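Structure record follows, encoded as C-alpha cells.
The values are calculated or read from the model by the stated rules, or taken from the named source; none is laboratory data. Computed from a prediction, not measured in an experiment: that's the story for all the values here. Cβ placement follows ideal geometry from the backbone for every residue including glycine, while neighbour counts extend to all protein chains displayed. Heavy atoms of the whole protein, side chains included, go into the accessibility calculation; ligands, DNA and RNA do not. Shrake-Rupley method; radii C 1.70, N 1.55, O 1.52, S 1.80 Å.
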Amino acid sequence: RMDRVATELPPATDHLVNHNAPHYFNRNTPLADYRFILNARDPRDVLCNQYHWQFVHPFLGETPEKEAARRQRIKDMGIDEWVLAQDVSPMCRRFMEVARSVDPADRIFIGYVRYCLYFDEVTERIAEFMGTSLDAMTPAQRAALEQERVGNLPGNPRWIGQSWAGSDTAPGRHRQELQPRTIWKLSNRYAWFLDFLRETDDPRVTAAYN
C-alpha cells in the first residue's frame, strides 16, 4: 500500500487527510491545492518511542515465533544500541523539504512539544486555521477533543496501546532513557533537523531541541 501513498494524490477539497509517512509523500503533489497542518517532534524522542513500539505492536505477517525472536534480539541489544542502529533521516528530511515548500499562508506548524505543553492554545489555533472555532463544536465534539489532551490519553479507548512503556506524554524522553554518549551521537546526527525545529517552532519551546 505504501507505493500507492507515494504515487496517488488525495482529494483537494472536503477531506482531512492524515499523512504520517512524509518519506512517502508524493513529489508530484501540487502543494498550492492544499493546506497543511504540520506536526513534527524531536527525532531522538521518536527513536525511543519506536524502540518501545517493538514490544507491544505486532508486525504484519510475523509468526508468534518470529515475533518472540525479534523482540528478544532487540531486548538483548538494549535501547542505546538499537536507536543508534536506526535512522529516521529520510522521514525528517522529506518533512523539512515539504514544510519549506508550502506557502506560509497555507500551513501552520504544531510541534509535539507545543501539543503537550499548550494544548488549549494549539487546538484554538488549528480551529482558526480551518476556518472555525472551538465554540462552534458540539458538546460531543468537545468531549472527543478533550480525550486527546495528553493527560487524558490513557483513558482514551481509541489511543493506540493505552498505557505502555512507549506512551510518552511529554517531550524530552530521550534524556531519561538514553546514555549521554548516545544522546551526543544522535544530537550530531540530527543537528540539521533539530536546527529546523528550533527555527520553525514557537520560541517558548525551542530549548527542548537542545
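Quick look at the numbers
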{"item": "Residue of 15, 57, 174 that the Gaussian network model of the chain assigns the largest fluctuation, springs spanning Cα pairs under 10 Å", "result": "15"}
{"item": "Added length on full extension, which subtracts the Cα-Cα distance from 0.36 nm per residue, residue 137 to residue 17", "result": "41.2 nm"}
{"item": "With eigenvalues of the C-alpha gyration tensor scaled by 5 and rooted, the chain, Å", "result": "29, 21, 20"}
{"item": "Where chymotrypsin sites (Phe, Trp or Tyr not before Pro) fall in DSSP loop in the stretch 59-155, at most 12 other Cβ within 10 Å", "result": "59"}
{"item": "Order of exposure, largest accessible area first, which applies to 13, 29 with probe 1.4 Å", "result": "13, 29"}
{"item": "Percent accessible area from carbon and sulfur atoms, the stretch 5-86, protein chains only, probe 1.4 Å", "result": "54"}
{"item": "FRET efficiency, 1/(1 + (r/R0)^6) with R0 25 Å, evaluated for residue 54 and residue 179 via beta carbons", "result": "0.85"}
{"item": "Heavy-atom surface of the chain, accessible at 1.4 Å and reported per residue (Å²)", "result": "60"}
{"item": "Under Karplus coefficients 6.51, -1.76 and 1.60, residue-wise ³J(HN,Hα) of the stretch 51-63 in Hz, glycine/proline x", "result": "4, 5, 4, 4, 9, 10, 10, x, 9, 4, x, 8, 6"}
